[in-house]
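The values are calculated or read from the model by the stated rules, or taken from the named source; none is laboratory data. Bear in mind the structure is a predicted one, so any value in this text is a computation, not a measurement. Here the Cβ is made from the backbone with ideal geometry for all residues, glycine too, and neighbour counts use every protein chain on show.
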């Protein structure tokens, strides 16, 4: 066999292997996607329950998530129009609540937008225009509202959920599920001893402004949360995300509507 034929055979074998491997990888991705989507939704729903005080990760198993989350109704809101989207509007935007993930569309200009520096209090650069909120209501009376929040800490963006009582003005709980903060310092935002400081705190003062603050040192009264020791920038990041997401440029007007007229 000539060296020319040998080279040709080698190239054919290499090409065939590349094709086979590509098919295997593509097929595996297709097979695993439903499982990955299910795990992503499970994780999201579990963290919503943790924020609302309805799931204890130290004691409860994942098999309880679906049943406990079933009491929530999910809504998509338009932050620019400050309204809850109806079925027709969701269809026009091609948003399927069952699979929609606002984290995955953050770079899509159809669903998100860049923030001007002066308005980007939480230092997130872009925000989703159509976030989801989660509501528990009994006989049309709202009992719990959970909203997604995010903001830059020391090393990266913190992602979490903030749960409110039905009055849309009292904190029920806070849970961060993704962060890049320093273990033992900024990462203490996930410490149960620190998150236990949040329930019962008030958000809006008598003037309707966001009065809830994370302060340096020991907080007191209805509006203050202790800052994390040795984690000034992370504490400031949490304070900033509270100011932004609960303010007039984000959930503030929607929460005011819920307080006054309900859903």
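Can you find a residue that is loosely packed, with under 10 Cβ neighbours inside 10 Å, under 30 Å from residue 195 (Cβ atoms), at pLDDT 95 or above and out of contact with any helix residue (DSSP H, G or I) (no Cβ under 7 Å at 6 or more places or on another chain) anywhere in segment 48-63?
no
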Taking segment 84-100 and keeping only residues that are surrounded by fewer than 15 Cβ atoms within 10 Å (Cβ to Cβ), touching a strand residue (DSSP E or B) at 6+ places or on another chain (Cβ under 9 Å) and either at pLDDT 95 or above or in a helix (DSSP H, G or I) (or both), one is left with none
Identify, please: which residue in segment 112-146 is in contact with a helix residue (DSSP H, G or I) (Cβ under 7 Å, 6 or more places away or on another chain) and assigned to a strand (DSSP E or B) and is, among those, surrounded by the fewest Cβ atoms within 10 Å (Cβ to Cβ)?
142
Residue 164 - would you say it is surrounded by 20 or more Cβ atoms within 10 Å (Cβ to Cβ), under 12 Å from the mean Cα position of the chain (by Cα), within 21 Å of residue 69 (Cα to Cα) and in contact (Cβ under 8 Å) with a residue 24 or more places away in the chain?
no
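For segment 211-223, give me the residue count where each residue is closer than 26 Å to residue 180 by Cβ and surrounded by fewer than 20 Cβ atoms within 10 Å (Cβ to Cβ).
Count: 5.
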Quick check on my filter: what residues within segment 64-83 are surrounded by 12 or more Cβ atoms within 10 Å (Cβ to Cβ), in contact with a strand residue (DSSP E or B) (Cβ under 9 Å, 6 or more places away or on another chain) and not in a helix (DSSP H, G or I)?
71, 72, 73, 74, 75, 76, 77, 78, 79, 83
Qualifying positions in segment 181-197 - part of a loop (DSSP other than H, G, I, E, B) and surrounded by fewer than 19 Cβ atoms within 10 Å (Cβ to Cβ)
182, 183, 184, 185, 191, 196, 197
Against the conditions (1) surrounded by fewer than 21 Cβ atoms within 10 Å (Cβ to Cβ); (2) modelled with pLDDT of 95 or more, where does residue 176 fall short? Just the number, please.
(1)
What single numbered condition from (1) closer than 20 Å to residue 150 by Cα; (2) free of Cβ contacts under 8 Å to residues at least 60 places away in the same chain; (3) not in a loop (DSSP other than H, G, I, E, B) fails to hold for residue 242?
(2)
Could you check residue 259 against (1) under 29 Å from residue 73 (Cα atoms); (2) in contact with a strand residue (DSSP E or B) (Cβ under 8 Å, 6 or more places away or on another chain); (3) outside any loop (DSSP other than H, G, I, E, B) and say which number it fails?
(2)
Given the criterion on the phi > 0 side of the Ramachandran plot, in contact (Cβ under 8 Å) with a residue 40 or more places away in the chain and touching a helix residue (DSSP H, G or I) at 6+ places or on another chain (Cβ under 9 Å), identify the matching residue among 230, 237, 252.
230
On the given criteria, is residue 157 surrounded by fewer than 18 Cβ atoms within 10 Å (Cβ to Cβ), touching a strand residue (DSSP E or B) at 6+ places or on another chain (Cβ under 6 Å) and modelled with pLDDT under 95?
no
Which of the numbered conditions does residue 206 fail, given that it passes all the others? Conditions: (1) in contact (Cβ under 8 Å) with a residue 24 or more places away in the chain; (2) more than 15 Å from residue 56 (Cα to Cα).
(1)
